[in-house]
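One structure below.
The values are calculated or read from the model by the stated rules, or taken from the named source; none is laboratory data. As the structure is a computational prediction, the values presented were derived from the model and not from experiment. Please note: Cβ atoms are built from the backbone with ideal geometry, for glycine as well, and neighbour counts cover all protein chains shown. Just so you know, the surface numbers come from the protein's heavy atoms only, side chains and all, with ligands and any DNA or RNA stripped out. Shrake-Rupley method; radii C 1.70, N 1.55, O 1.52, S 1.80 Å.
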Amino acid sequence: MIDIISNVGKFSRTHHGEKELIDIWQKPEKEFDSILEVSIDTKNNVVNVIAKEFNKGVFRDSLFYQQGNGHVGALTKIEKFKEDSKLIQKINKKIESSLNFLEITPKLVNEISEKVFEKVRIAPSKSYIVSFLKDGKKPIDLYLDKFNNEIESTYLNKTKLIKECHLCGKTDIIYDTAIYNCYTMDKEIYFNTDGPDSNSFGICKECLLNLLQGRDYTRDYLSSYWADSEVMILPHNYDNDMDEIFKNEKLSSTHSESKLIDKLRLSEEELFEDLGRLNEPVDIVFFEDPKTSSEWKITYHIRGVLPSRFKLISDLEKKYSSEKYNFRLRNILNILAGGSSSNESKRLLNTIFHGKKYSRNLFFNKILRNYQKNHFSSGKKISDTLFMDNVHAIYNFLADCGCLTNGWKFKIKNSNGGYEMAEYASIDEFFEKNNEFFDTDQKKAWFLIGNVYSSMIYYSKKYHSSNGSMNESYLEKNFFFGKKYDYKTFIYFVNKCSDLIIKYKSGGSLKSDFFLNAAITQAREYIGNGKDPLPADEAKYIFFWGMQQRIGKKEKNEDTLTNEGEQ
């Protein structure tokens, strides 16, 4: 990661010009309410304090930098002032530090404090910047070199050693820093930045400036918020084409983002399509950079994603989207990783971006747990049918990505070049066109019995209906989730459905039992003696799939083998 950002910075310096150290070293600062400008006449030791409208340029003009207890420049912050001795002492120390930087006698601290606090007490809830002028001149006009030297020696750890730079290999004076004050995934290479000894990591001044300018460029154009994390998109080699793309100069977006990287939030498939046009692999770095801490931490690093993978994922997101539903990677993360924030979700993204194999058994296990949670949710927001449609999209997306095997025709191309839901005239056609998935008779058996069971739920509601209203059926209760979905469970469902067909026909709720009995007979033949059974979770998935899948015409027809009863 460090060397990639150095390459970005080298490009930026060459094509966008050098930045001064102060411009690439200062942190982005927030807005304040007002500036209290302290003008000091050193010849006469006269102090004057005036309130001015806030301008962010004050941080640069005052050569301000602060990290932890470290303080450089001539500026002090006051936020929500209160009469507290510790707070007043802290402010006084910063004022004294500012005077020392400006080479002004610290004897003026008390006088300056009194005049500053007099202004602050008028509106103590506001936030203030205390800046300084020396004999009418700004600190940047007087002490820029002093600021640069102090930053280099104190914060960039400039040493007196002449060694080989860890990044470019050139022998030069070494800076003992990696710029980012963080724990990084690069620790196996850059394992020590604790001192100028023979083992410590060090870089030359050129690479230092590359890293600093690269850090700024990366923050401005290659960083965003995605998958519940701050994230950087880092092409391995940076050139003019990438600069134009990421700076939004070749963008044809349907949204109004200020930079390309922000597409990750609203239209990731568009960004992936753009990344698919690059000629370089890309690293995706998830990180934490808390504003209250100087520690910066990489939480996960996806390395070397090829442009072709971005293009494939973009195409598949479009394929599995609809007019009402935009398919995104977060759909997969929510189901299989419990959301986007965990490292499990980042590992899953790594699997998708590199087309690695995902455990089939783990997939069905997580799917069924989510299905059960959705089915019994008190504030249920989505029907079981729509939930299974989402699951089918995820399954086939992963199959198209090479992460799972045996996909099926869930969505097919239409005459307009887009995609639509596949429809099937009969069970036989359904099995035949999806023979890659239904490659064993056991799978067909579980699908058929699930389809019949769904019809039994419909007829149960009809049989027990009162005043034309159909209440929840006892067949939808928890007991069928708790089954083992082995051969014994299959025979249980067969016998249960056979008994109910007789009951509902004799009760007048069912006109004809021909198609249902034929399906049960076919399911018995498919299951055989139950040898070489499916894994339980996959059998359960196919059973529930059979309950939800629509086969045949959409018109209501209770004598055909469909789950029309839910319409």
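Could you sort out which of Lys30/Lys138; Lys30/Lys126; Lys43/Lys146; Lys19/Lys205; Lys297/Lys319 sit more than 25 Å apart by Cα distance in this structure? Going by Cα-Cα distance, Lys297/Lys319 fall outside the 25 Å limit.
Projecting label points 7 angstrom from Cα along Cα→Cβ for Glu288 and His375 puts them 3.7 nm apart.
Starting from 0.36 nm per residue, how many nanometres of slack lie between Lys107 and Asp84 once their C-alpha separation is accounted for?
Working: separation 23, 0.36 × 23 = 8.28 nm, distance 2.21 nm.
Full-extension gain reported as 6.1 nm.
The distance separating the Cα centre of the stretch 71-85 from that of the stretch 519-545 comes to 72 Å.
So how far, in whole Å, is the C-alpha centre of the stretch 128-182 from the one of the stretch 388-426? Each part reduced to its Cα centre gives a spacing of 57 Å.
Within the stretch 14-76, report the trypsin sites (Lys or Arg not before Pro) that DSSP leaves as loop and that have at most 11 other Cβ atoms within 10 Å. Don't skip to the end; give the middle numbers.
Values: sites: Lys19, Lys30, Lys43, Lys52, Lys56, Arg60; in loops: Lys19, Lys30, Lys43, Lys56.
Filter output for the stretch 14-76: Lys30, Lys43.
For the residue pairs Lys56/Lys134; Lys318/Lys411; Lys366/Lys484; Lys90/Lys119; Lys170/Lys247; Lys461/Lys511, the C-alpha atoms sit more than 22 angstrom apart in Lys170/Lys247.
Normalising the average separation of contacting C-alpha pairs (under 8 angstrom, six or more residues apart) by the number of residues puts the relative contact order of the chain at 10 percent.
Out of all DSSP beta bridges with both ends in the chain, state the antiparallel percent to the nearest 5. Please report the intermediate quantities before stating the final value.
Working: 42 of 51 bridges.
Taking every DSSP beta bridge within the chain, about 80 percent pair in antiparallel fashion.
Compared with the direct C-alpha span, the chain from Glu164 to Glu344 gains 60.9 nm at full extension, assuming 0.36 nm per residue. Accessible surface of Met547, taken over heavy atoms with a 1.4 Å probe and every protein chain present, rounds to 10 Å². Loop-located trypsin sites (Lys or Arg not before Pro) in the stretch 333-379 (DSSP state not H, G, I, E or B) with no more than 15 neighbouring Cβ atoms inside 10 Å: Lys356, Lys357. Consider a paramagnetic label point 7 Å from the Cα of Asn69 along Cα→Cβ; state which residues of the stretch 77-107 have an amide N under 20 Å from it. Counting only backbone N, you get 77, 85-101. The H on the amide N of Ser321, modeled in the peptide plane, is under 5 Å from the matching H of Phe327, each at least 5 residues off or on a different chain.
Going through the stretch 381-473, which trypsin sites (Lys or Arg not before Pro) have at most 16 other Cβ atoms within 10 Å and a DSSP loop state?
Working: sites: Lys381, Lys409, Lys411, Lys413, Lys433, Lys443, Lys444, Lys461, Lys462; in loops: Lys381, Lys409.
Sparse-neighbourhood loop trypsin sites (Lys or Arg not before Pro): Lys381, Lys409.
Computed from backbone phi, the HN-Hα couplings of the stretch 423-439 come to 10, 10, 7, 8, 4, 4, 5, 4, 5, 5, 6, 10, 5, 5, 6, 7, 8 Hz, rounded to whole numbers (Karplus: 6.51 cos²θ - 1.76 cosθ + 1.60, θ = phi - 60°; Gly and Pro given as x). Computed from the C-beta positions of Asp532 and Arg330, the FRET efficiency with R₀ = 35 Å rounds to 0.40. Spin-label model, Phe54/Lys356: points 7 Å from Cα along the beta carbon direction are separated by 4.5 nm. On full extension, the segment bounded by Lys77 and Leu144 gains 22.1 nm, given 0.36 nm per residue less the C-alpha separation. Here is how the number arises for the chain: DSSP H runs of 4 or more residues each give -39500 (n - 2.57), the sum is divided by the residue count, and the result at 222 nm is -13000 deg cm²/dmol.
Hydropathy first: keep DSSP H helices in the chain averaging at least 1.6 on Kyte-Doolittle, then drop any whose Cα extent along the axis falls short of 27 Å, and list what survives. Please report the intermediate quantities before stating the final value.
Numbers: long enough: 441-463 (32 Å, -0.50); 487-506 (29 Å, 0.04).
Helices meeting the span and hydropathy rule in the chain: none at all.
Using a Förster distance of 60 angstrom, determine the FRET efficiency expected from the C-beta separation of Asp135 and Met421, and round it to 0.05.
Numbers: r = 77 Å, r/R0 = 1.29.
The formula returns an efficiency of 0.20 here.
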